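These notes concern the structure reproduced below.
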Amino acid sequence: PRSRSSIPCLRWKRSSASATAFGFSFAQEHRHRRRCERNRENEDHDCDVDPDRDVVLRSGSTLRLRPIRPEDAPALLAFYQRLSPDSLYFRFFSLPKVDAERAAGFCRVDYDQQFALVGETAGRIVAVAHYFRLPRRPDRAEVAFTVEDALQGQGVGTRLLERLAEIARARGVT
């Protein structure tokens, strides 16, 4: 497996124009690039987890996409409890009992072999997407998406896929 220091920093690879578009000034981007170069071997280097990103949906509303965190477990459990039986079935291919322990398990990812994004609006998780590398083909991964019923058909899944694919490519998944 790849070491943390070999995982590319997406902020560092971003062009200056897009850095400004995502709220980084040129000076901030330059300082960040220098810090990445100095800390490449440091285990505390935090650039392997990608920054938050806002995306615009078909309805014109915005959705914040960000990596899942362990402390998201209660909010993720609430999200799964709000889903219709059909949405749960299409995500898990059964009607599972999603409890706090299982929700916490979905929040524990290593950001390399498995990665998860959540979509938030008004501070509430409304979508989640995961990739899981295949053990025998580490350059490939399976994906899973779940979108809150009220937001289905608004492009949330498309935006999650675009972002997840960008992150996966940066980590060697083709």
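The values are calculated or read from the model by the stated rules, or taken from the named source; none is laboratory data. Note that this is a predicted model, so its numbers are computed, not measured. Note that we place each Cβ from the backbone using ideal geometry, even for glycine, and neighbour counts take in every protein chain shown. Side chains included, ligands, DNA and RNA excluded: accessible areas come from the protein's heavy atoms. Shrake-Rupley method; radii C 1.70, N 1.55, O 1.52, S 1.80 Å.
Any chance you could count how many residues in the stretch 78-95 are open to solvent by 30 Å² or more (accessible area, probe 1.4 Å) and either touching a helix residue (DSSP H, G or I) at 6+ places or on another chain (Cβ under 9 Å) or within 20 Å of Glu120 (Cβ to Cβ) (or both)? Here the count works out to 8. Summed over the stretch 53-102, residues that are under 25 Å from Glu162 (Cβ atoms), of a type outside the set (S, T, N, Q) and touching an Asp or Glu at 6+ places or on another chain (Cβ under 9 Å) total 11. Does the stretch 138-145 contain any residue that is in contact with a Ser or Thr (Cβ under 6 Å, 6 or more places away or on another chain) and closer than 20 Å to Asp54 by Cβ? Checked against the condition, which is being in contact with a Ser or Thr (Cβ under 6 Å, 6 or more places away or on another chain) and closer than 20 Å to Asp54 by Cβ, the stretch 138-145 yields no hits at all. So, of the residues in the stretch 101-124 that are within 24 Å of Val173 (Cβ to Cβ) and β-branched (Val, Ile, Thr), which turns out to be modelled with the lowest pLDDT? So the residue we want is Val109.
For (1) in contact with a strand residue (DSSP E or B) (Cβ under 7 Å, 6 or more places away or on another chain); (2) under 18 Å from Pro67 (Cβ atoms); (3) open to solvent by less than 30 Å² (accessible area, probe 1.4 Å), each residue gets a yes or a no:
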residue: Cys107; (1), (2), (3): no, yes, yes
residue: Ala116; (1), (2), (3): yes, yes, yes
residue: Arg124; (1), (2), (3): no, yes, no
residue: Ala127; (1), (2), (3): yes, yes, yes
residue: Val143; (1), (2), (3): yes, yes, no
residue: Asp149; (1), (2), (3): no, no, no
residue: Gly155; (1), (2), (3): no, no, yes
residue: Ala165; (1), (2), (3): no, yes, no
